[in-house]
Every structure is written in structure tokens, then in C-alpha cells.
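First the structure, in the form of C-alpha cells, and then the observations on it.
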Amino acid sequence: MEDIFTLTAEPECSVSSYFYGYFGCACALVLSAMGSAYGIARCGVGVASIGPFKPEVVMKSLVPSIMASIVGIYGLIVAVIIASTVTKNDYASYKGFAQLAAGLAVGLSGIAAGWSIGVVGEIGVVHAGHERKVFVAMVLVLIFAEALGIYGLIIGIVLSSKGTQVKCHAST
């Protein structure tokens, strides 16, 4: 009788692995775009609230919105990498799960980065409009918040490049 905990020599090749790969691609793109959109919207509220009173600081106040939009680009990068590596004949389940994990890593870190950039950007822009010294501190905190998205991008690239070199038959 064969032990159920024994690993087979060949990785499993199934049709569902394509679903996991493309779902990882979608998670990377959609979740990062959601985080980016939330960050831009929150920063826009801060810019709109300080703009009528201090129109000279409006251009400086766009820095958090620009940093929030970069988070969406991280998801786009990983989504393109994942979509380009889904091949027809040699796509094992291990590769599909690795790319799902990559998409979730960059997507969820994109939500976290967008949320934190939005909160810091909204409040920081308002206070930087009243006290100019706050602007440098706000930019430093925004850089740390952006690092969350960069960490997710790095993890997503590493995970999406993981996989086995297998030849799955076209009948699977």
C-alpha cells in the first residue's frame, strides 16, 4: 500500500493551474489599483480642502497623489510578468499556486501602501499648508509607506519566477 504522504516524482499538471495563474494576475492588478485609487482619493480630499485657502501650496500637495499612483504600477508590472509566463504545455500546479501567491502579495501590499499613503497624504497636506516644516516630515513618512508596496513588488517578482521545469502533456 502506498503511503499518502509520499511525493510523486512528477508535479501535477491540471487545467486548474491556469485558473490560479490568471487569478494571481487579476489579484495583482485589481487589488493594487484599488489601493492606488484609495490613496489618490484620500490625498485629493486633502488637496481640495487646503487649495482654496492656500493656492500656492497646491502643486507641492500633489506629491502624495503621485506616490499613491505608483502603487498601481507595481501591480501592473507583476500582472504582466505573470501573464507572460503562463504557457500552454509546461504549466504545473506548483507554478499556478506560486503565481497566485505572487499576485496576492503585490495586491495586498498595494492595498496597505495605498491606504497608508492616503491617510498620511490627506492629513499631511492639510498641516503642511499651515506649517511649511511639516512637508519634509510628510514626504519621509510617505516614503516609508511606499516601501510597503515595493516589498510586495519584490516578493511578487520572486514568487512569480518560482516554478518547476516540467513538460505536461497536451491532453491535461
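If you go through segment 62-87 and keep only what is more than 13 Å from I157 (Cβ to Cβ), modelled with pLDDT of 90 or more and not aliphatic (A, V, I, L, M), you end up with P64, S65, S69, G72.
For A33, indicate whether it is modelled with pLDDT of 90 or more and either more than 24 Å from A145 (Cβ to Cβ) or of a type outside the set (D, E) (or both). Answer is yes for this residue.
Entry remark, segment 89-126: residues being of a type in the set (A, V, I, L, M), more than 19 Å from the chain's Cα centre (by Cα) and assigned to a helix (DSSP H, G or I) number 3 in total.
Scanning segment 127-142 for residues being without any contact (Cβ under 8 Å) to a residue 60 or more places away in the chain and either under 9 Å from the mean Cα position of the chain (by Cα) or within 20 Å of G75 (Cβ to Cβ) (or both) gives a total of 0.
Going through segment 74-88 one residue at a time, which ones are touching a residue at least 12 places away in the same chain (Cβ under 8 Å) and assigned to a helix (DSSP H, G or I)? Across segment 74-88, the qualifying residues are Y74, G75, L76, I77, V78, A79, I81, I82, A83, T85.
Across segment 28-64, the number of residues qualifying as part of a helix (DSSP H, G or I), of a type in the set (G, A, S) and either over 21 Å from W115 (Cβ atoms) or over 16 Å from the mean Cα position of the chain (by Cα) (or both) comes to 6.
Against the test of being crowded, with 24+ Cβ neighbours inside 10 Å, touching a helix residue (DSSP H, G or I) at 6+ places or on another chain (Cβ under 9 Å) and of a type in the set (V, I, T), the options I117, I123, I143 yield a single qualifying residue, I117.
Of everything in segment 13-27 that is modelled with pLDDT under 85 and surrounded by fewer than 14 Cβ atoms within 10 Å (Cβ to Cβ), the residue that is farthest from the chain's Cα centre (by Cα) is V15. Of everything listed in (1) at pLDDT below 95; (2) over 30 Å from V15 (Cα atoms), the single unmet condition for I117 is (1).
The values are calculated or read from the model by the stated rules, or taken from the named source; none is laboratory data. Predicted model only: the values in this text are computed from it and were never measured. Cβ sites come from the backbone with ideal geometry, for glycine too, and all protein chains shown count toward neighbours.
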